[in-house]
């Protein structure tokens with residue numbers, strides 16, 4: 001698997017990251033072990049989790065696998081803090097210094113390690129002064145518990161403000177931002193992508209397959225067992241029933257037929273090679289699903305097909321982004 005440098009850091013990571021949000025929820029330890037072995041064997045190294053995934057079970061399972069199933073040294077380990085356990089969805093956030101540092105110590109215990117390679121603020125907390133949040137990052141890095149830090153789900157102005165503050169105070173730069181990004185969700189191109197490019201921040205897209213919709217698996221309808229799922233309604237929701245969504249999904253399917261590959265490979269290749277993107281985060285309930293993403297890693301999207309997809313999925317961009 002090809003690798004890229006993550007932002008302004010010394011982390012060289014695979015251009016696909018393994019997401020673990022299902023671990024401990026719909027993915028048990030046995031299948032999680034199969035996933036991480038397959039991922040590492042394919043040349044991957046960036047593994048992403050968070051303290052709130054499955055109420056901490058994701059980190060716990062990952063910690064049990066590091067050093068036993070795969071060497072800790074083979075993994076660039078990323079986790080997140082600021083979410084409040086058991087609070088979602090919808091989620092609550094707490095980016096106070098006390099909460100963040102306590103959450104980090106709890107993450108390290110669950111992960112069975114003395115440090116993480118990438119620690120990300122899971123979301124902006126409007127009730128906590130930014131300087132307080134950033135001081136927790138500085139303490140975590142200076143103490144050796146964290147090598148590099150990033151943010152997640154920040155808007156453009158929030159990203160720029162945090163990055164500027166780090167520079168102003170001579171603190172370690174933010175190296176990444178993890179945000180939703182796919183052919184169905186291109187909102188970050190208005191402000192987040194320009195901020196990331198300007199500050200040299202690497203983008204880690206979550207839900208790069210449009211929360212599963214871009215694979216085309218719902219073109220024939222939603223299975224009855226999923227239709228009534230609370231999580232499904234929240235995670236996928238009404239986006240399935242939008243005319244724009246249907247048009248993009250059909251275009252992806254047509255591109256797959258034209259290039260002799262799968263809709264998954266087309267959607268993944270498109271987002272993987274966008275400006276400032278370092279590694280889309282791909283997750284799966286079962287190892288068979290992960291395998292399809294890994295097999296698509298070498299696929300390169302032809303320029304003409306990319307341009308067609310750019311056009312059909314183009315987000316609205318107007319004033320003030322376009323000036324006057």
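Descriptive notes on the structure:
- For residue 232, the conditions (1) loosely packed, with under 14 Cβ neighbours inside 10 Å; (2) farther than 23 Å from residue 39 by Cβ; (3) modelled with pLDDT under 80 all hold with the exception of (1).
- Residue selected from segment 12-28 under the condition free of Cβ contacts under 8 Å to residues at least 40 places away in the same chain and either assigned to a helix (DSSP H, G or I) or touching a helix residue (DSSP H, G or I) at 6+ places or on another chain (Cβ under 7 Å) (or both), by the criterion surrounded by the most Cβ atoms within 10 Å (Cβ to Cβ): 23
- Test for residue 65: is it touching a helix residue (DSSP H, G or I) at 6+ places or on another chain (Cβ under 6 Å) and closer than 15 Å to residue 122 by Cβ: no
- Screening residue 127 with (1) over 19 Å from residue 178 (Cα atoms); (2) assigned to a helix (DSSP H, G or I); (3) more than 19 Å from the chain's Cα centre (by Cα) gives one miss only, at (2).
Residues checked against (1) touching a helix residue (DSSP H, G or I) at 6+ places or on another chain (Cβ under 8 Å); (2) within 24 Å of residue 265 (Cα to Cα); (3) not in a loop (DSSP other than H, G, I, E, B):
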residue	(1), (2), (3)
10	no, no, no
30	no, no, yes
38	yes, yes, yes
58	no, no, yes
78	no, no, yes
108	no, no, yes
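- Condition met for residue 265 (in contact with a helix residue (DSSP H, G or I) (Cβ under 9 Å, 6 or more places away or on another chain), surrounded by 23 or more Cβ atoms within 10 Å (Cβ to Cβ), more than 23 Å from residue 118 (Cβ to Cβ) and at pLDDT 90 or above): yes
Conditions tested, residue by residue: (1) touching a helix residue (DSSP H, G or I) at 6+ places or on another chain (Cβ under 6 Å); (2) surrounded by fewer than 22 Cβ atoms within 10 Å (Cβ to Cβ); (3) in contact (Cβ under 8 Å) with a residue 40 or more places away in the chain.
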| residue | (1), (2), (3) |
| --- | --- |
| 83 | no, no, yes |
| 100 | yes, no, yes |
| 103 | no, no, yes |
| 115 | no, yes, no |
| 118 | no, no, yes |
| 126 | no, yes, no |
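- Selection from segment 161-198 of residues that are outside any helix (DSSP H, G or I), over 23 Å from residue 138 (Cα atoms), in contact with a helix residue (DSSP H, G or I) (Cβ under 8 Å, 6 or more places away or on another chain) and touching a residue at least 60 places away in the same chain (Cβ under 8 Å): 181, 182, 183, 184, 186
- Across segment 60-74, the number of residues qualifying as buried (at least 18 other Cβ atoms within 10 Å of the Cβ) and outside any helix (DSSP H, G or I) comes to 2.
- Candidates 204, 209, 301, filtered to the one that is buried (at least 19 other Cβ atoms within 10 Å of the Cβ), modelled with pLDDT of 90 or more and under 17 Å from residue 14 (Cβ atoms): 204
The values are calculated or read from the model by the stated rules, or taken from the named source; none is laboratory data. As the structure is a prediction and not an experimental result, all values here were calculated from the model. With ideal geometry, Cβ positions are generated from the backbone for all residues, glycine too; neighbour counts draw on all protein chains shown.
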